[in-house]
Amino acid sequence: MKTCLKLKAQTLRPIPRKISKGAFKQTAIRLFPMFGEPRELDVPVAEGGHGGADPLMLEALFSPNPPSDPLKRAATYIDGAASVLVGIAANMSIESGELVDVGELFELAAG
């Protein structure tokens, strides 16, 4: 499967600082199931940055006994390398105005 990016510089806008920082404005999300009626789900409110995610992330990264990850959300070094390659491809596409095939930059082993 090919992953190609083509971006234009004018489509990239900086996120205003006031939007990216601070408390969340809502504590619910709307679920749209394929079969069934949409409904609101409450999101637990927690203290700390990123809506309470920072303390959990720091514990997972630096605790000598990190909590289990039953949902397999933790990123691997392959995931990190892939995210860097997507950024490189985006910059190359902005500079050249052309599609950039991420797989041509470097082949990543399936992880």
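The table below gives the values:
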item: Under-5 Å amide H pairs with residue 49, H placed in peptide plane, nonlocal only; result: 54
item: Separation of the residue 91 and residue 56 label points, Cα + 7 Å toward Cβ, nm; result: 3.2 nm
item: Those residues of the stretch 62-87 whose amide nitrogen sits under 15 Å from the label point placed on residue 106, 7 Å along Cα→Cβ; result: 76-87
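Read the figures in this text as sums done on the coordinates, not as results from a lab. Bear in mind the structure is a predicted one, so any value in this text is a computation, not a measurement. Cβ atoms come from the backbone with ideal geometry, glycine included; neighbour counts cover every protein chain shown.
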